[in-house]
1. Say we look at the range 224-237 and pick out the residues that are touching a Gly at 6+ places or on another chain (Cβ under 7 Å) and buried (at least 20 other Cβ atoms within 10 Å of the Cβ); which of these is modelled with the highest pLDDT?
2. Determine whether the range 49-66 contains at least one residue that is out of contact with any helix residue (DSSP H, G or I) (no Cβ under 8 Å at 6 or more places or on another chain), of a type in the set (Gly, Ala, Ser) and not in a helix (DSSP H, G or I).
3. Looking at this structure, is ALA97 within 27 Å of ALA80 (Cα to Cα), in contact with a helix residue (DSSP H, G or I) (Cβ under 9 Å, 6 or more places away or on another chain), of a type in the set (A, V, I, L, M) and in a loop (DSSP other than H, G, I, E, B)?
4. For the range 59-70, which positions are surrounded by fewer than 23 Cβ atoms within 10 Å (Cβ to Cβ) and aromatic (Phe, Trp, Tyr)?
5. Is it the case that the range 180-194 has a residue that's over 21 Å from ALA6 (Cα atoms), assigned to a helix (DSSP H, G or I) and open to solvent by less than 40 Å² (accessible area, probe 1.4 Å)?
6. Within the range 164-179, is even one residue modelled with pLDDT of 80 or more, closer than 22 Å to ARG91 by Cβ and aliphatic (A, V, I, L, M)?
7. How about the range 141-177: which of its residues are under 19 Å from PRO25 (Cα atoms) and charged (D, E, K, R)?
8. Are there any pairs, at least 6 apart or on different chains, whose C-beta atoms fall under 6 Å, with the first in the range 57-78 and touching a residue at least 40 places away in the same chain (Cβ under 8 Å) and hydroxyl-bearing (Ser, Thr, Tyr) and the second part of a helix (DSSP H, G or I) and surrounded by 13 or more Cβ atoms within 10 Å (Cβ to Cβ), and if so, which?
Amino acid sequence: MRTLLADMARTLVPPKEDRHGPLPPLMLTLTVVTGLIDAVSYLSLGHVFVANMTGNVVFLGFALAGADGLSVLASLVSMAAFLTGALAGGRFGSRLAAHRGRLLASTTALQAVLVLGALVAAAVSHGEVTTWARYTLIVLLGLAMGMQNAVARRLGVPDLTTTVLTLTLTGLAADSVPAGGAAPRPGRRILSVLAMFLGALVGAALRTELPVTLGLALVFLVVTSVVTRRLSTPDAAWAKPA
C-alpha cells in the first residue's frame, strides 16, 4: 500500500529529477477530458464514440447487423474524423518532436479551438442534437481526440495514453505481484483509470447540459495548454524526446 501511494504521489507531483517532468499530471488531465467527451458522444450523439475507436469498430459491426439504436454513418464519420485528427497529430509530432512541451502545448491549444467550435454548435442548437449539430460535434470532437491520441503516443509517457485503458488494466493484473511480476507504476495506472472514470461520471451526470460538459472539457484543455507552455523552457530536460 505504501508503494502504491508513493507512486500515486510521484505521478501527481513529479520530483524534479523525473524523466517526464510535469507530463504525468498533464496527461491525467487529458484523460479526464477523454471521459467527458466520450460521455458526450455516447449519451448525446447517438451511441457513438469519438475517442474509443475499439468501441466504434464494434458498434459499426452491430449497426451493419441491424442492431437498434446504432448508426453506420455516425460510426464511419467518427472514425474518419478520428483518423484525420491522428494524421494531423502525427504531423505535429514530426515537426515538434525535439521539444515535447511545445508539442503538447500546441496540440492542446488546437484541441481547445475544436472543442470551442463544438461548444458553439451545441449552444446555437440550444442543446438540441439535430442532425447537423450531431455530425458537426462528431467531426470536431473526433478530430480533437484523434490528435490527442497521436500526440500522446509521441510523448511516450508510460501508462498514460489518455484515451485507451485496455492495456493499462491488463498491465495492472498481468504485471502484479500475484502474477509473478514486478508491478511497475501501479499508482499511475490506477490514477489513469480513475481519471477516465471521473470524466465519464461527470459527463454522464451532465448529459442534459451538453454545453456545460463541453465547456468543462474546454477549460481543462486551455489550462493544460497554458501550464505546459509556461513550463516549457528551451532547456527543460523533460521536454527532450522520450
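1. Among them, the one singled out is THR228.
2. Within the range 49-66, one or more residues are out of contact with any helix residue (DSSP H, G or I) (no Cβ under 8 Å at 6 or more places or on another chain), of a type in the set (Gly, Ala, Ser) and not in a helix (DSSP H, G or I).
3. Answer is yes for this residue.
4. Residue satisfying the conditions is PHE62 alone.
5. No.
6. Checked the range 164-179: at least one residue is modelled with pLDDT of 80 or more, closer than 22 Å to ARG91 by Cβ and aliphatic (A, V, I, L, M).
7. ARG153, ARG154, ASP159
8. The qualifying pairs are SER78/ASN56; SER78/ILE138; SER78/GLY142.
The values are calculated or read from the model by the stated rules, or taken from the named source; none is laboratory data. A quick note: this is a predicted structure, and the numbers were derived from the prediction, not measured. Glycine also receives a Cβ, built like all others from the backbone with ideal geometry; neighbour counts cover every protein chain displayed. For the accessible areas, the whole protein counts, side chains as well, though only heavy atoms, and no ligand, DNA or RNA atoms are used. Shrake-Rupley method; radii C 1.70, N 1.55, O 1.52, S 1.80 Å.
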